[in-house]
Amino acid sequence: MATKALDLFQAYAEDKLPRDGGYIVSSFFDQNSAYSKYEVVAYNGVKNIYLSEEGLTFQTDGNKLFVLVEPTNYPEKHVEPYVRKMAYQIPHRFNELEIFTAKNQTKVMVSKIPTMTYSSFTILRPTGINFSLLIFNTPDVLNTMEYFFTETINKEAGVPKSDAKKAAAYIVEGIKRFSIF
C-alpha cells in the first residue's frame, strides 16, 4: 500500500516532497482548551523549497483553506476570527465561513472560498503538540482528508464522531474548490 501521508519536515529531510503537487495540513492546538485551528494548503509546480528557522518556504502558488474548531467555553466567540489574538486568528470574518454547530455546541468553521497565495508561502515549524502533515495527491486524497479530519476533530476537539464526520464533509467541500489542480 502506498504512503498517503508523512510528517512534512520528515518528508523534506528525506527528500520525499513531491514537487508536482500535494497537500499540507498544519494544526495549531490550544494547550488549555479544545480550540483548534487548521490550515490546508494545496500546491503544485514547485520551483524551490528551502528550510529556515521559522519553517519551510515553497516557491510556488498555493490554495489555502482555514478551519477553526471553537469549543462552547471559548470566551471570545463574539470576536470576528480575523481580529482575534494571533493564536486564535484566521483571515476571515464570520460571513466568509461555513459554520457547522455540533450537538455539543462546538462550532467548526471552514473558509467558504479558499484563498490563493501567489509566488510563495511558508509552513511554520510546528511546536508542542502541533503538526504539519504532507498528504500525497493520490486518487483517493479526498477520502484520506475526510478520514483525517473526522478522526482529528473527534479526538482532539471532542466533537462527537457523527458530527465530526459531518464537519469533515464541509472541509472536503472546501478543498474541492481549490483551483490549483
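When V69 is tested against (1) in a strand (DSSP E or B); (2) open to solvent by 50 Å² or more (accessible area, probe 1.4 Å); (3) β-branched (V, I, T), exactly one condition is not met: (2).
Just one of (1) among the aliphatic types (A, V, I, L, M); (2) over 14 Å from S36 (Cβ atoms); (3) in contact (Cβ under 8 Å) with a residue 24 or more places away in the chain; (4) part of a helix (DSSP H, G or I) fails for A167. It is (2). Against the test of being closer than 18 Å to L133 by Cβ and more than 19 Å from the chain's Cα centre (by Cα), the options I24, I49 yield a single qualifying residue, I49.
When the residues of the stretch 1-29 are filtered to those that are open to solvent by less than 60 Å² (accessible area, probe 1.4 Å) and of a type in the set (S, T, Y), the one that is farthest from T138 (Cα to Cα) is S27. Restricting to the stretch 74-124, name every residue that is within 15 Å of the chain's Cα centre (by Cα), of a type in the set (G, A, S) and farther than 14 Å from I171 by Cα. The one that is within 15 Å of the chain's Cα centre (by Cα), of a type in the set (G, A, S) and farther than 14 Å from I171 by Cα: A87.
Here N32 fulfils each of the conditions (1) surrounded by fewer than 14 Cβ atoms within 10 Å (Cβ to Cβ); (2) among the polar types (S, T, N, Q); (3) in contact (Cβ under 8 Å) with a residue 40 or more places away in the chain apart from (3).
Screening G45 against (1) buried (at least 20 other Cβ atoms within 10 Å of the Cβ); (2) farther than 23 Å from E156 by Cα; (3) small (G, A, S) leaves a single unmet condition, (1).
The number of residues in the stretch 60-88 that are in contact (Cβ under 8 Å) with a residue 24 or more places away in the chain and of a type outside the set (F, W, Y) comes to 16. Checking each residue of the stretch 23-40 against the condition of being at pLDDT 95 or above and among the acidic types (D, E) gives at least one match.
Candidates F178, F149: the one that is open to solvent by less than 40 Å² (accessible area, probe 1.4 Å), modelled with pLDDT under 95 and either closer than 25 Å to V79 by Cβ or not β-branched (V, I, T) (or both) is F178. If you check I99, I113, I90, I123 for being over 20 Å from G22 (Cβ atoms) and surrounded by 17 or more Cβ atoms within 10 Å (Cβ to Cβ), only one passes: I90.
The values are calculated or read from the model by the stated rules, or taken from the named source; none is laboratory data. Since the structure is predicted, the reported quantities are computational estimates derived from the model, not experimental observations. Cβ atoms come from the backbone with ideal geometry, glycine included; neighbour counts cover every protein chain shown. SASA here: full protein model, heavy atoms, side chains in, ligands and nucleic acids out. Shrake-Rupley method; radii C 1.70, N 1.55, O 1.52, S 1.80 Å.
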